[in-house]
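A quick write-up on the structure given underneath.
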Amino acid sequence: MKDNDRQTRSYLMQLFEQHGFNPRSDLGQNFLIDLNIIDYVVNHGHIQPKDIVLEVGTGTGGMTTFMAQRAKHVVTVEYDQNMHTLSSEAIQNYHNITLLNCDALKNKNSLSPIVLSAIQEQLQANPGSHLKLVANLPYNIATPIVSNLVASDLPWDRMVVTIQYELGLKMSCKPSGSNYGALSVWLQSQCFVKLLKKLGPTVFWPRPKVDSAIVQLTPNPPLKNTIRDRAFFQDFLRRMFQHRRKLMRSTLVGMYSKQLSKSEVDAILLEHGLIKEKPRAEELGVSDLIQLANSFHEQVMQNTNVETKPEQTDLV
């Protein structure tokens, strides 16, 4: 049997029956059973012989072993003990796979130190290698996995993930769109985000109740380098889009009431030509929001004369 044939519906049903347990909906366990889609995801990962691949949601290990045939090393993370047992059997003949049985997240704002350590170990052992995230992500952790990897300083150069379709729309949405928000801007300020394919429930087992999507992210260093303080920018976006339909001036006056006067807020908005139009956050493009956040960061720093390090926050 080929490794990726382990992902067929009949094989998985038989495997689960033999071991006496079922997929867990509370962990978002929906396995890809369309081999063409598995090929599509892995192929768009552009996995090269020197690459270090991160997979979150090992499942039964079918896609893991498929990627290990192409990559230098695969670091794969499985939270569920039952799935860890199954995937351990699947990968036993591979020496370039690190299988971790842990939560991929320390909390919603940071990746697990165990996962980070395993990645760093492989990057250091293989100079010149690149990191890629290629995974069928569990729905319930997809946003923090992608967002926190973008926020990290890890040398990733591609992500290809299956996620809930609605989340894919949020990640790739443009200004004034109904799905445009803090997450859209945060990712697009540092990445090129492309929704590659919409997936119906039938390509998964068990079938989810919603559509899914394959999304690709690649770095955009020139735009990312225009952000003066990423922690400040992330906090800026979260608070701005909490009141997405509120006039931006009112939101900003409230956000920085302890650091800036109303006249200072107005001066910044006037500098950016945002007084007469009275825009809302959802109407501004990514570059405009970066420059606006930079101006607020500069003024806040001048007023406080201390380095501000806002708490990293969830962008859902």
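If the chain were replaced by its equivalent ellipsoid, with semi-axes equal to the square roots of 5 times the Cα gyration tensor eigenvalues, what would those be, largest first, whole Å?
Semi-axes from the Cα gyration tensor: 40, 20, 16 Å.
Over segment 3-221, what is the mean sequence separation of C-alpha contacts under 8 Å (at least six apart), divided by residue count, expressed as relative contact order in percent? Show your work: numbers first, answer last.
Details: 418 pairs, mean separation 43.6, N = 219.
After rounding, I find 20 percent.
Label-to-label distance, residue 209 versus residue 276, with points set 7 angstrom from Cα along the beta-carbon direction: 5.1 nm.
Its relative contact order, with pairs defined as Cα atoms under 8 Å and 6+ residues apart, puts segment 230-304 at 41 percent.
By the helix-only formula, in which each DSSP H run with n ≥ 4 contributes -39500 (n - 2.57) and the sum is divided by residues, the chain has a 222 nm mean residue ellipticity of -12000 deg cm²/dmol. Full extension of the chain between residue 69 and residue 178 yields a length gain of 35.1 nm, computed as 0.36 nm times the residue separation minus the alpha carbon distance. Available extension along the chain between residue 43 and residue 202 is 55.1 nm, counting 0.36 nm per residue and deducting the alpha carbon span. Largest mean-square fluctuation among 234, 92, 188, in a Gaussian network model of the chain whose springs join Cα atoms under 10 Å apart, belongs to 92. Given in Å, the Rg to one decimal and the Dmax to the nearest whole number for the Cα atoms of segment 157-316 are 17.5, 57. Taking trypsin sites (Lys or Arg not before Pro) across segment 7-80, the ones in a DSSP loop with at most 15 further Cβ atoms lying within 10 angstrom of their Cβ are 24, 50. Take 58-64, 102-108 and order them by the average number of nearby Cβ atoms within 10 Å per residue, most first; the result is 58-64, 102-108. Around the amide H of residue 196, modelled in the peptide plane, lie the amide H atoms of 214, 215, 216, all under 5 Å away and 5 or more residues distant in sequence or on another chain.
Using r as the Cβ-Cβ distance of residue 102 and residue 226, and R0 as 35 Å, what FRET efficiency do you calculate, to the nearest 0.05? Mind showing how you got there, number by number?
Numbers: r = 36 Å, r/R0 = 1.02.
Plugging the Cβ-Cβ distance into 1/(1 + (r/R0)^6) gives 0.45.
The largest-to-smallest principal axis extents of the Cα set in segment 230-304 are 30, 26, 20 Å.
Readers should treat all values here as calculations from the given coordinates under stated rules, not as data from a laboratory. Source: prediction; values computed, not measured. Using ideal geometry, Cβ is built from the backbone for each residue, glycine included, and neighbour counts are taken over all protein chains shown.
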